[in-house]
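The values are calculated or read from the model by the stated rules, or taken from the named source; none is laboratory data. If you're wondering where the values come from, they're calculated on a predicted model, not measured in any experiment. Neighbour counts run over all protein chains shown; Cβ positions are idealised from the backbone, glycine included.
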Ligand SMILES: Cc1ncc(COP(=O)(O)O)c(C=O)c1O
């Protein structure tokens, strides 16, 4: 049985050979840490990290490479900016499609710093009217956090429009680009945002354990570091450096991860982001059209491939989504993710809490014939189990 991997919203698989080679090249040929020695291998590592930073900055259209900070994941990035920025009593606006990586650190600060958390109710298809953000602004609003795309329905949120609304306001703006980095155009300058948080192991095709964020100069000053320690710079000073990126990058870095991330970005640049985006959109479009032909299936989200990333959530009345996921893998080798996808708020919004949904998500390596096979498998399972 040939496997079909349809869980790219969780992590990308299989990883391109360029990415795995970049990891092994670092481990075999360099193997040492940047900023931790004056010998050739340490300098090669420093060059690798600098080039990866410059490449990432160019990819997201960030003015200076130093404005790119590497972290282990988007979860870490979001925790850092949320906990490093917010103070007692601040007002924060988020959407009702956010991931627990946003909701949980904020909930902790509601308890510990009495921040006021305002959750804007999205429509049942996950869409958000940007005017709702404008109407929710208050004098003590400190931060707006929005996911660019829901990891449950793929629904795209109007992050550029909200950037225009917030321009000129004394408010920080953070975007969770976990689902869209490497898939949608993310232009830090045009987004008018202060933090663009990304993860390396999804659309950017890199390995797990590497992510980061792009940060504005204003936010870099206003945000406290979460972890202090060795940076390889200003070692004589007991205080954490205040300059970028060292302020937020303590401890030995995940250089193989950074090498893999850079290889993923290079590959996207070579193939072309637009071409990859169009391919994923075509797969999503074919999948949505096929699902519309199966009356037993309920599809969530906008059902419009132009307003969604390549993730589709469904339920079948009378079939548990966990059982469905299990049958898809056992009988057809199709890998999916069922349940709440770490986004209970999003499931409440679309009306699928607490049972969750079955999510299919596509990547560059998927093909139209795989999508057809998934549709056939769903038809067969429904026929066998419900009719
Ligand atoms: C929208 C969103 N935010 C945050 C995350 C967390 O990503 P990571 O586990 O790479 O930190 C995910 C991952 O599923 C996500 O989809």
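Among what's in the stretch 1-18 and is away from the ligand (no atom under 16 Å from the Cβ) and in contact (Cβ under 8 Å) with a residue 60 or more places away in the chain, pick the residue that is surrounded by the most Cβ atoms within 10 Å (Cβ to Cβ). I'd like the intermediate steps shown before the answer.
Narrowing the stretch 1-18 to residues away from the ligand (no atom under 16 Å from the Cβ): 1-4, 14, 16-18.
Keeping just the survivors that are in contact (Cβ under 8 Å) with a residue 60 or more places away in the chain gives 1-4, 14, 16, 18.
Working: 1: 9, 2: 8, 3: 13, 4: 22, 14: 12, 16: 20, 18: 15.
This residue is 4.
Just one of (1) under 11 Å from the mean Cα position of the chain (by Cα); (2) in a loop (DSSP other than H, G, I, E, B); (3) more than 25 Å from residue 275 (Cα to Cα) trips up residue 138, so point out which.
(1)
Taking the options 307, 302, name whichever one is within 26 Å of the chain's Cα centre (by Cα) and under 19 Å from residue 8 (Cα atoms). Explain how you work it out, then say what you get.
Working: 302 fails: under 19 Å from residue 8 (Cα atoms).
Residue meeting the stated conditions: 307.
Is it the case, given these coordinates, that residue 103 is at pLDDT 95 or above, more than 11 Å from the ligand (Cβ to nearest atom) and in contact with a strand residue (DSSP E or B) (Cβ under 9 Å, 6 or more places away or on another chain)?
no
Which one of the conditions (1) in contact with a strand residue (DSSP E or B) (Cβ under 7 Å, 6 or more places away or on another chain); (2) assigned to a loop (DSSP other than H, G, I, E, B) does residue 173 fail to meet, given that it meets all the rest?
It is condition (2) that residue 173 fails.
I'd like to check which strands (runs of 3 or more DSSP E) are fully inside the stretch 297-387 and have at least 1 residues that are surrounded by fewer than 19 Cβ atoms within 10 Å (Cβ to Cβ).
Details: elements: 297-299, 311-316, 337-339, 357-361.
Per the criteria, 297-299, 337-339.
Of (1) outside any strand (DSSP E or B); (2) outside the structural domain of residue 310 (by TED's automatic domain parsing), residue 10 satisfies all except one. Which?
It fails just one condition, (2).
With the stretch 27-128 as the region, which helices (runs of 4 or more DSSP H) entirely inside it contain at least 3 residues that are without any contact (Cβ under 8 Å) to a residue 40 or more places away in the chain and either touching a helix residue (DSSP H, G or I) at 6+ places or on another chain (Cβ under 8 Å) or surrounded by fewer than 18 Cβ atoms within 10 Å (Cβ to Cβ) (or both)?
40-59, 100-113
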